[in-house]
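The numbers here are math on the coordinates, done by the rules we state, and not lab data. Fair warning: this is a prediction, and the values are worked out from it, not measured in the lab. Counting neighbours? That spans all protein chains shown, and the Cβs are built from the backbone with ideal geometry, glycine included.
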Amino acid sequence: MMTYPAKRSYFRYLFLLLWWMTVTAGNAIAQPAVHPASVTPDTVAMIKSISAASKLKAEFPDSAVRLLQDIYRQSRSISYDRGSVLALSALSVVQMQLGQYASAQSSLRGALQFTNEKRLPQLLPLIYNNLGNAYSYMAQYDSAAYNYFLALRYKEQFHRDDMQQSPPITYIYNNLSFSHFEAGNLEQAYHYLQKIKAEAGDVSDTNLLANNYNNLGGYYFVKERWDSCAFAYGKAISWAQSNRNKSILFMGYTGLGNLYDKLLQPDSSLYYYLQAYNLYQDVPVEKNGYNTLLCNIGNLYKQKKDYANAMRFYRQVEKDPAKTPKERAFLLMSLSGFYADQGAFEKAYKLKEQYYALNDSLKSISIAVQISDLESRYELSRKSQALAESDAQLAAQQLQTQTRNLWIWILSITFLSLIIIARVWHGLQRKRQRAENVILGLRSKIAGAEKERNRIAHDLHDSVNSQLAAAKSFLLAAENIHPQLVGLKEFKIAKDILTDTSSEVRNVAHNLAPDILLKDGLITAISVFCSKLFASSGIEHHVHAAGDFENLAPEAALNIYRIVQELCNNALKHSGAGTVTVLLTHNGEKLDIVVEDNGRGLPESARGSGTGIGLSGIMDRVKMFQGDIDITTEPDTYTAFYISFGSKALYKL
């Protein structure tokens, strides 16, 4: 890069002049400190209203929803950012109580976006904890654990005493324990249970102790330590009764019902199930697990041949419009057994068919959720990093200025601003010109390479392949003239070599100039390429695509195909992976590519350098379309390439 000593010195003198005027100007104009949130009678009223709505939710949840929506609108109207976020968070809690989990997630995403825009990081633990609750109620426990972990990370990042609105760290431990337990990560669940045990004595929180015993009961249940399980649930019920905590008491009764059902003690199981059921009728608690409880009670009555009572509980689940797909599947299985016991085998068979169809659908949804979750985590990671960088820049730019003479200050700033703007504009123009030159150079380089690929492909197809075909024709003619050649081993080997060579030449030519890309489109071309590439390798591969890829410019589609082609070839040759996954998404604003394998990881020399294993060519293609590339890898675990393009760059060619 060229330097300009004289101009830089002049520029430095101008900044020194600005600094001297700022320091010596005095105290004529003092800038008042800006506080992030001022306490006014209106803001105090908002906080009190949110508290009142939260107390109202137990008996009048619909009224609580309307009140919180009104509080949110009022907070926005007076620009009370903290009140807006707290109202959305409280609203999500009521929506979860009503079983409206999708609405709760929508409210929390709005709160999360608002928190990031208004820079209120102290509220992030509250939002992520509630978001984890929503995922937990929907039985998406991996996503729940991820959001609880984010709540814990932000809770530990800031001073605990400064975050009065966020949940206690012990409650986040409790949620992490529960979500890991339900996801089958027993060791992780036990790890957080031990953390709760270490801190529960310090805070003397009996609700926390009751919750912890419920989670311990679930842990011992899976470990088949029945006596310990019964003891833990009994302690949870004892603490919950002393605190009159209906939610924890409901979970304790349900846990004991499950335990005695497992131990084939139907009378004891039914007793505790009915305790939980009667508790819900008295004071409704969160709906999570209630429909499963009803099906379990129905199944126990079915065992007792009390079919009228069994159907009474099944009907309650049938009439619930908010039941989850898993609860519906459990109901179908229970009803199938119910009708089979009464000899209505045709009806039982149809219900069993519905169960299997729904169960297959749930498995497909689970795969889609995992893919969506991978994309969401990647996007969340990028946004968090951008927000952290933005916060650092904002902190570095905060200044408190003073001046003695207002007119001198205004004129000086105006004069210097014009010079700075001109300088910055000139620098940006040069930087943009350099970037455009780099992109033009890359396009020329890649276009030349593609042209050479096409020439070689046509030469292979038109010349070499034709000559091979001619040679094979002569062999066939010789076979007709001299039939005795058919029995010769060497003659047969020669024919096989010609056939294999001709097929190989065709494959090479098609990879160099993929006609299928123009005929059938990008996704089909990638799918066919991966199927051929991994066919005999023993590597399992998956290609997933979401969005419209039909209107991409031909040059863009070809370069995306080349990027995926190179990454898959690298995975085959170097990773030692058992599975390779390719994910392409296009939402109209950006196009994302993810290629991940579970192999040995990238070597240290290739990480982040863009060199080795063909990465330089991939970097060139990404730069040519002004894209971004991120590489994450762990030794002997996985390697993942995340590539993102703006849609405009893929159309403006």
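With both labels modelled 7 Å from their Cα along Cα-to-Cβ, the Thr524 to Ser54 distance reads 5.7 nm.
The residues neighbouring Leu270, those whose beta-carbon lies less than 13 Å from its own, together hold a net charge of -1 under the Lys/Arg +1, Asp/Glu -1 convention. Taking Cα centre as origin and charging only the Cβ of basic (Lys, Arg, +1) and acidic (Asp, Glu, -1) residues, the dipole magnitude of the range 49-121 rounds to 180 debye. A straight chain from Ile497 to Gln265 at 0.36 nm per residue would run longer than the Cα-Cα distance by 76.3 nm.
For the range 517-651, a/c is not less than 1.5, where a ≥ b ≥ c are the root eigenvalues of the C-alpha gyration tensor, and a/b does not top b/c. That puts it in the oblate class.
Between the beta carbons of Thr206 and Ser228, assuming R0 = 22 Å, the FRET efficiency works out to 0.60 to the nearest 0.05. Residue-wise HN-Hα couplings along the range 520-526, as the Karplus relation 6.51 cos²θ - 1.76 cosθ + 1.60 with θ = phi - 60° gives them from phi, are 10, x, 5, 5, 4, 4, 5 Hz; Gly and Pro carry x. Under 5 Å from the amide H of His544 lie the amide H atoms of Val582, Leu583, Leu584, each residue being 5 or more positions distant or on a separate chain, with H modelled from the backbone and absent for Pro and chain starts. Length gained on full extension, Asn405 to Glu550, computed as 0.36 nm times the residue gap minus the Cα-Cα distance: 45.9 nm.
About the Cα centre, and with charges only on the beta carbon of Lys, Arg (+1) and Asp, Glu (-1), how big is the dipole of the range 300-367? Nearest 20 debye, please.
Numbers: 13 positive and 8 negative charges, 32 e Å.
Charge dipole, the range 300-367, about its Cα centre: 160 debye, nearest 20.
Evaluating 6.51 cos²θ - 1.76 cosθ + 1.60 at θ = phi - 60° for every residue in the range 297-314, the Karplus couplings come out as 4, x, 5, 5, 5, 5, 4, 7, 6, 8, 5, 5, 5, 4, 5, 4, 7, 4 Hz, glycine and proline recorded as x.
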